[in-house]
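To keep things clear, I will list the structure first and then write my remarks on it.
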Amino acid sequence: MKKSHLFILSIAIVTFIASCKKESTPEGPGMVAMEFDNRAGSADLELNTTWYKNANNDSMNFSLFKYYVSNFIFTKEDGSTYVVPKESCYFLIDEADDVSQTVEFPDVPAGKYTSVTFTIGVDSLKSTAPQSERTGVLDVTTHADMYWVWNSGYIFVKTEGTFSQAAGADFMYHVGGFGGYSSPTQNNLKTVTLTFPGAPVSFGSNNHKHIHTFVDALKVVNGTTNISVPTTPVVMGGPNAPAIANNYKNMFVVDHIEAE
Amino acid sequence: MLKKIYYIALVVFFIQCTKKEDAQPNIDNGFVAPTNFPAVRYNLTENPYSNEKRELGRKLFYDARLSRDNTVSCGSCHQQVASFAHAGHRVSHGIDNKLGTRNSPALFNLAWQPLFFWDGGVGDLDLFHINPIQNPVEMDETIPTVIDKLKTDNNYLALFNKAFGTSEITAIRFNQALSTFLISIVSNQSKYDEYLAGKTTLTSTEQAGLDLFNQKCASCHSGILFTDFSFRNNGLSTTSDFGRFRVSVITTDSFKFKVPSLRNVEKSSPYMHDGRFNTLDEVLNHYSNSVVNTTTTLDTILQRNNTLGIPMTNDEKTKIISFLKTLTDNKFLNDSRFSEF
């Protein structure tokens, strides 16, 4: 055999083995982290210290901003989906707790993804589940501040603060309502889909990714219905809650995705 | 001789049978629903019934340590003698003598109840108990503090151990024990129940009352439980309490309140969600003469033939009340398994 032939053969074998290797071990599932970076308009949200202006030109100083996000679904470019398992799909994001602001999905199958879909709040099935199935952030005893006991159900989005330096100028927006048990009640569950910038984006064991999501707290009061904070400073469920839910469903946007 | 033994055996067998029936409601050998009741709504799979849990729940129900200053128990506003309503109280006074806004309802047959409170705000009995405990005008306490108090009591450690297998006291176990006691309070041994079972007869007045009841009241107070569990505006003059609307935020639910069961109604005075009527006469007079149509949500049943309310003569009212008293269940009112001591 000529030397050159031997060379070509060896390259062919190496290529063959390499390609075999690729086929026998496809890319496995990877980690996707999703950060909920709370903002106020174009600025970072700072609790208690900073004043912001809403669309109605009201001043707002936030002291609290908390919300449930749940039931995450990642959609690939071919339309197929990865549904995050029920037991690990409920999160409580709290501006006062840095750790809560990044949630992790450790087993997202490899693929090219275009969007993520999730629910703002806690779905009706979980909202009516036995107490033993409500652990972690859904424990109504340890997270009693995010639960209405008199009208059984989680508070989906809760924000509080002041709208003026004057005493008593507090705003409180608490929105919940999953639709009721055996008799209907207000349903403010919202499902949102966020398209990835630069989609499709590869996820997988070789592509751990970090989704940086901006969440604009001002959109609780800005949107289809621009709320005048001094006129309507307190909404705890009730007739004004749906307008607020329709506003805040637009507060999420994926700013960028980077390698984890 | 053999004949004699057979005879004795037969008699003993019958006595035992009778005894068993007398022991109804059967809550000592698992939770056995009365055969003429609908399907149980309470989730017994999640919280299996046991006598030990019931006993623990009974102790908790009557324990004032559930309140901030250890003065108010569940039993304070839910008295067995009043079919677990609050006798003589339009609304109840809780801690520091603060008054609530709604009448303390009678408690029985809760295993069949889909929604709790006059406005149906709670749909899971296990998640009910947190309400009166946290309410600032009722017990003004927190569940974690209650749990801490109970942990210092060796009797409770032993009772939790008996009920749940270990002495660990958790919020879930606390709630489940209270629920078990509450669902055990079954009322199905009134004179009317005995009449249905063919064991007794109604007087002619009671029978006439039953017939009238079926014509005039049973569309809402329906079935063996004497309620359809719906929310209705029954034509009371309105107050600032919007009832079901407060929970559902559906405009057509304004001023609607849950239809209560009429079992033991003789004992659960005062009546209505705000306890405004003291006697059954007043209640029937409301339906015959005082129904008002000041809102858009008045029940259509109360405005038939362009007439407000339910037409009833005084004689008819007397007969209906006579029938309503056959719904009094003296065995339930005196059952030591539900008593404080």
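Taken together, the criteria exclude B:Glu138 from residues that are over 29 Å from B:Thr279 (Cβ atoms) and part of a loop (DSSP other than H, G, I, E, B).
Can you pull out every residue in region A:130-144 that is more than 9 Å from chain B (Cβ to nearest Cβ) and free of Cβ contacts under 8 Å to residues at least 60 places away in the same chain? Before the answer, list the steps.
In the first step, residues of region A:130-144 are kept if they are more than 9 Å from chain B (Cβ to nearest Cβ); the result is A:134-138, A:143.
Those that are more than 9 Å from chain B (Cβ to nearest Cβ) and free of Cβ contacts under 8 Å to residues at least 60 places away in the same chain: A:Arg134, A:Thr135, A:Gly136, A:Leu138, A:His143.
A Cβ distance below 7 Å, combined with a sequence gap of six or more or placement on separate chains, defines the contacts here; from region B:150-166, residues that are part of a helix (DSSP H, G or I) reach residues that are surrounded by fewer than 14 Cβ atoms within 10 Å (Cβ to Cβ) in the pairs B:Phe160/B:Glu168. Scanning region A:82-103 for residues that are surrounded by 15 or more Cβ atoms within 10 Å (Cβ to Cβ), assigned to a strand (DSSP E or B) and either more than 12 Å from the chain's Cα centre (by Cα) or not aromatic (Phe, Trp, Tyr) (or both) turns up A:Tyr82, A:Leu92, A:Ile93, A:Asp94, A:Thr102, A:Val103.
Looking across region B:116-139, the residues that are in contact with a strand residue (DSSP E or B) (Cβ under 8 Å, 6 or more places away or on another chain) and more than 10 Å from chain A (Cβ to nearest Cβ) come down to B:Trp118, B:Leu125, B:Val137.
Within region B:66-93, being in contact with a Cys (Cβ under 8 Å, 6 or more places away or on another chain) and surrounded by fewer than 23 Cβ atoms within 10 Å (Cβ to Cβ) holds for B:His89, B:Ser92.
Only residues that are modelled with pLDDT of 95 or more and polar (S, T, N, Q): list them for region B:105-131, please. If the condition is that a residue be modelled with pLDDT of 95 or more and polar (S, T, N, Q), then B:Asn109, B:Gln113 are the ones that fit. With the requirement that a residue be out of contact with any Lys or Arg (no Cβ under 8 Å at 6 or more places or on another chain), buried (at least 17 other Cβ atoms within 10 Å of the Cβ) and farther than 30 Å from A:Pro109 by Cβ, what does region A:31-62 give you? Residues satisfying the conditions are A:Arg39, A:Ala40, A:Tyr52, A:Asn54, A:Asp58, A:Asn61, A:Phe62.
Looking at B:His86, B:His78, can you tell me which residue is in contact with a Leu (Cβ under 8 Å, 6 or more places away or on another chain) and without any contact (Cβ under 8 Å) to a residue 60 or more places away in the chain?
Values: B:His86 fails: in contact with a Leu (Cβ under 8 Å, 6 or more places away or on another chain).
From the options B:His86, B:His78, the qualifying one is B:His78.
Evaluating B:Val259 against the criteria (1) under 18 Å from B:Ser219 (Cα atoms); (2) hydrophobic (A, V, I, L, M, F, W, C); (3) away from chain A (no Cβ under 14 Å) leaves one unmet condition, (3). Taking region B:290-317 on its own, how many of its residues are assigned to a helix (DSSP H, G or I) and of a type in the set (A, V, I, L, M)? Adding up the residues that qualify gives 2.
Which of the following residues is assigned by TED's automatic domain parsing to the domain that holds B:Ser268, buried (at least 21 other Cβ atoms within 10 Å of the Cβ) and under 15 Å from the mean Cα position of the chain (by Cα): B:Phe231, B:Phe181, B:Phe226?
Just one listed residue meets the conditions, B:Phe226.
Can you tell me how many residues within region B:248-289 are among the small types (Gly, Ala, Ser) and either in the same structural domain as B:Asn103 (by TED's automatic domain parsing) or assigned to a helix (DSSP H, G or I) (or both)? Show your work before the answer.
So in region B:248-289, the residues among the small types (Gly, Ala, Ser) come out as B:248, B:254, B:261, B:268-269, B:275, B:288.
Now restrict to residues that are either in the same structural domain as B:Asn103 (by TED's automatic domain parsing) or assigned to a helix (DSSP H, G or I) (or both): B:248, B:288.
Within region B:248-289, residues that are among the small types (Gly, Ala, Ser) and either in the same structural domain as B:Asn103 (by TED's automatic domain parsing) or assigned to a helix (DSSP H, G or I) (or both) number 2.
In the set B:Ser288, B:Ser248, only one residue is over 22 Å from B:Asp119 (Cβ atoms) and of a type outside the set (D, E, K, R); that residue is B:Ser288.
The values are calculated or read from the model by the stated rules, or taken from the named source; none is laboratory data. This structure is a prediction, so every number in the text was calculated from the model and none was measured. Quick reminder, even Gly has a Cβ in these numbers, built from the backbone with ideal geometry, and neighbours come from all protein chains shown.
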